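S.K.: Below is a structure I'd like to ask you about.
The values are calculated or read from the model by the stated rules, or taken from the named source; none is laboratory data. Computed from a prediction, not measured in an experiment: that's the story for all the values here. FYI the Cβ positions are ideal-geometry reconstructions off the backbone, even for glycines, and counts take in every protein chain you see. For the accessible areas, the whole protein counts, side chains as well, though only heavy atoms, and no ligand, DNA or RNA atoms are used. Shrake-Rupley method; radii C 1.70, N 1.55, O 1.52, S 1.80 Å.
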Amino acid sequence: MVEVDRDVVVVGAGFAGLYAVHKLREAGFSVRAYEKGDGIGGTWYWNRYPGARVDIQSVEYMFTKFAELEQEWDWTELMPKQAEIEKYLNWVADRLDLRRDIQLETAVEAMTFDESTSTWRVSLSTGETVVSRWVVAATGCLSAPIEPDIEGIHSFAGDTMFTNRFPKEGYDFTGKRVAVVGTGSSGVQSIPVIAQQAAQLYVLQRSAAYSLPSPNRPLDEGELAKLKAEYPEIRKAQWASPAGTARFGAVFQGGEMQLPSILETPWEEQLQRVDSLGVIAALVWSDVMTDIEANRAATRLYGEAIKRIVKDPQTAEDLVPHYPLGCKRIIIDEGYFESFNRDNVTLVNLRRNPIVRVVPEGIQLDEGLLELDAIVYATGFDAMIGSLSRIDIRGRDGRKLADEWAASPRAYLGLSVAGFPNLFTVTGPGSPSVLTNMVTSIEHHVEWITDCLTHLRENRLRTIEADPVAQDEWADHVLTFAGVPQTHESCNSWYLGANVPGKTRTYLPYAGGLTTYMERCAELTAAGYTGFALA
Ligand code: NA7
């Protein structure tokens, strides 16, 4: 048997990488994780922009299988900020003694599968090469940043920042003339915070956002103690829920179980819902996600709700999206629309007044020059496949993963790619991942991988590889779940890869729900790893 440096190389040290190190080590495998950042946390290490916050409740946005440990961690808010999540992950790493198997400031640059020994040769940015039997790619779904293709972007004389690698030391916007480019989650979360500091803030919007007010609030001691006492029930409910979170919908729907059809509800009655619920009124209908006409009605209602918040009529109109509700992940904000009533905030509709180029003084728009001190790009990610496509990964016969995925971004069960044996893609394309609570999806994948490696070890098997036919069938199956708003021709989401020029347009995540997905994985595994070749 060939010598390996480690049984398993783990790429990344966010939620997935940390859990992988822990579970694999616990199962008796030797493991080493490599992390590009100089701290752990993955997504929650890099995305430290002002206002960054998760949209899942804190008591569910944590590892769910540490019954004792979870009692020791105190969340301070209903939906925690980036800094608190980063602190939590560092605390977990210390408590589980994970750091000794994690090497920071080390990027995996290339990996090649050696068919003669069935091992991976992993090349690191430090110049080292590590040989392992298996690789677990815990590289995240939203971790390959996109730099927008804007002429002159590097010529700006002021401060240029990206939300997805925001300065660690923070940035003081006080007295500055600032532009934020992009109005996805990162833009929408950072804009209200920057607006409070900046002398002048220009919001450069190409597509308007669907955003709901955050229900966030501090958790007082008594409430947290009660929640902790309920953790066993919360965990049970969470794992029985199709989204890996049982407490999410209740926040917005007030527990209402039977929702009416928007198409069957007179306009005056629809407006009454805006009276009581504000912008959330657009969401509380039975047919909005299944019928495009109902969806258009919801957008109209959403526009009415915005008009009631935003005083300037043109700004209010420009803030209404021209694509279906549910096409992109709905954002949760803290005072986004209210920000546009401030004297120091101006919305620039790039559809009417596009960016011509960036110049040393600021941004040259079609209709004039914005003179600026700082530009913040909140322009998103090459989602779900970008982080692995950017590593030079060679499988059987020298096949390059980036080329395979450029043509057809697919992975069997979202976990394994045909032609790339012994490589596992945690929350890869075709997995529920980004449509669920990421933590539960990650836990499921890491546990499945650990069980799989244990099975291989027990049965003296050296390789596992997805069957190409099973992989294609899975990809077809995944597409059957993509809903009406998600695949509509006017939808250009990162779920579809449509935010990256040249990327194949296909719906990447599995929308059938985590519970259904887990059942399917369990059935296939129990039947002898159907769809995989084990050797
Ligand atoms: P998103 O959601 O992909 O948003 C990126 C935004 O940047 C979006 O509004 C884009 O407009 C805009 N964008 C991208 N390129 C440009 C250029 N060249 N010019 C102007 N505007 C541009 O990324 P986020 O980081 O906000 O959020 C990612 C996920 O993190 C989010 O879904 C949550 O799940 C957490 P477009 O819509 O493409 O017209």
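S.K.: In whole angstrom, how far apart do the alpha carbon centroids of segment 160-203 and segment 265-305 sit?
M.R.: Between the Cα centres of segment 160-203 and segment 265-305 lies a distance of 31 Å.
S.K.: Let me ask another. Give me, ordered by chain and number, the residues 5 or more places off Glu361 or on other chains with an amide H under 5 Å from its own placed amide H.
M.R.: Amide H to amide H, under 5 Å and 5 or more residues apart or across chains, Glu361 pairs with Ala157.
S.K.: Right, something else. With no solvent and one equal point scatterer placed on each C-alpha of segment 369-436, evaluate the Debye formula and give log10 I(q)/I(0) for q = 0.19 Å⁻¹, two decimals.
M.R.: The calculated log intensity ratios at q = 0.19 Å⁻¹ are -0.73.
S.K.: When 1/r is averaged over all different Cα pairs and the result inverted, which Kirkwood radius in Å belongs to segment 272-425?
M.R.: About 19.8 Å, per the Kirkwood formula over Cα pairs.
S.K.: Let me ask another. Ignoring ligands, DNA and RNA, what accessible area per residue does segment 1-88 give at 1.4 Å, in Å²?
M.R.: On the way: 3000 Å² over 88 residues.
Ligands and nucleic acids excluded, the figure is 34 Å² per residue.
S.K.: Check Ser207: other-chain or 5+ apart residues with amide H under 5 Å from its amide H, H built from backbone geometry?
M.R.: Thr183
S.K.: For the chain, what relative contact order do you get, as a whole percent, if you take Cα pairs closer than 8 Å and at least 6 residues apart?
M.R.: Averaging sequence separation for qualifying contacts and normalising by length gives 19 percent for the chain.
S.K.: Continuing with this model, one more query. How much of the DSSP beta bridge set in the chain is antiparallel, as a percent to the nearest 5? Write out the running numbers ahead of the final one.
M.R.: Numbers: 26 of 64 bridges.
DSSP beta bridges in the chain are roughly 40 percent antiparallel.
S.K.: Return one quarter of the surface area of the convex hull spanned by the alpha-carbon atoms of segment 122-275, equal to its mean projected area, in nm².
M.R.: Mean shadow area of the hull around the Cα atoms is 17.9 nm².
S.K.: Continuing with this model, one more query. Within segment 116-210, list the chymotrypsin sites (Phe, Trp or Tyr not before Pro) lying in a DSSP loop whose Cβ has at most 10 other Cβ atoms in a 10 Å radius.
M.R.: Here no chymotrypsin sites (Phe, Trp or Tyr not before Pro) fit, given the DSSP loop and packing criteria.
S.K.: Sort by residue number and report every cysteine in the chain with no other cysteine beta carbon within a distance under 4.7 Å.
M.R.: Lone cysteines by the Cβ rule: Cys141, Cys452, Cys521.
S.K.: Would you please classify the overall shape of segment 1-98 from the alpha carbon gyration tensor, given that a ≥ b ≥ c denote the square roots of the eigenvalues, rounded means a/c under 1.5, and beyond that prolate means a/b larger than b/c while oblate covers the rest? Could the numbers behind the result be given before it?
M.R.: Numbers: a/c = 2.97, a/b = 1.66, b/c = 1.79.
Oblate.
S.K.: Moving on to the next point. Could you state the number of Å between the C-alpha centres of segment 407-453 and segment 460-524?
M.R.: Using only Cα atoms to place each centre, the spacing works out to 11 Å.
S.K.: Using the per-residue mean of other Cβ atoms lying within 10 Å as a proxy for protection, in what order, highest first, do the peptides 217-229, 463-475, 432-444 fall? Could the numbers behind the result be given before it?
M.R.: Details: 217-229: 12.7, 463-475: 18.5, 432-444: 24.3.
Ranked from most to least packed, the peptides come out as 432-444, 463-475, 217-229.
S.K.: Given the DSSP H assignment, sum -39500 (n - 2.57) over each helix run of at least 4 residues in the chain and divide by its residue total; what's the result at 222 nm in deg cm²/dmol, nearest 500?
M.R.: Values: 18 runs with 172 residues, N = 535.
-9500 deg cm²/dmol, from helical runs alone.
S.K.: What part of the accessible area of the chain, given as a whole %, is carbon or sulfur when the probe is 1.4 angstrom?
M.R.: Reported share for carbon and sulfur atoms: 49 percent.
S.K.: How about segment 483-535: which trypsin sites (Lys or Arg not before Pro) there lie in a loop by DSSP and see at most 16 other Cβ atoms within 10 Å?
M.R.: Passing both the DSSP loop test and the Cβ count: Arg505.
S.K.: Of the listed peptides 13-21, 284-292, 262-270, 71-79, what is their order by residue-averaged count of other C-beta atoms within 10 Å, with the highest listed first?
M.R.: Working: 13-21: 28.9, 284-292: 18.4, 262-270: 13.9, 71-79: 15.4.
By packing density, highest mean first, the sequence is 13-21, 284-292, 71-79, 262-270.
S.K.: Considering all alpha-carbon pairs of the chain, what whole percent are spaced by more than 30 angstrom?
M.R.: 51 percent
S.K.: Can I ask one more? Quick one, can you get me the convex hull of the C-alpha atoms of segment 237-347 expressed as volume per residue in Å³? The partial results should precede the final answer.
M.R.: Details: hull volume 13.3 nm³, N = 111.
Value for segment 237-347: 120 Å³ per residue.
S.K.: Can you give the accessible area per residue of segment 310-432, in Å², using a 1.4 Å probe? Working shown, then result.
M.R.: Details: 4470 Å² over 123 residues.
On a per-residue basis, 36 Å².
S.K.: With point charges of +1 on the Cβ of Lys and Arg and -1 on the Cβ of Asp and Glu, referenced to the Cα centre of segment 136-247, which listed residue (Leu224, Leu212, Ile194) lies farthest in the positive direction of the dipole?
M.R.: The residue sitting most towards the positive pole is Leu224.
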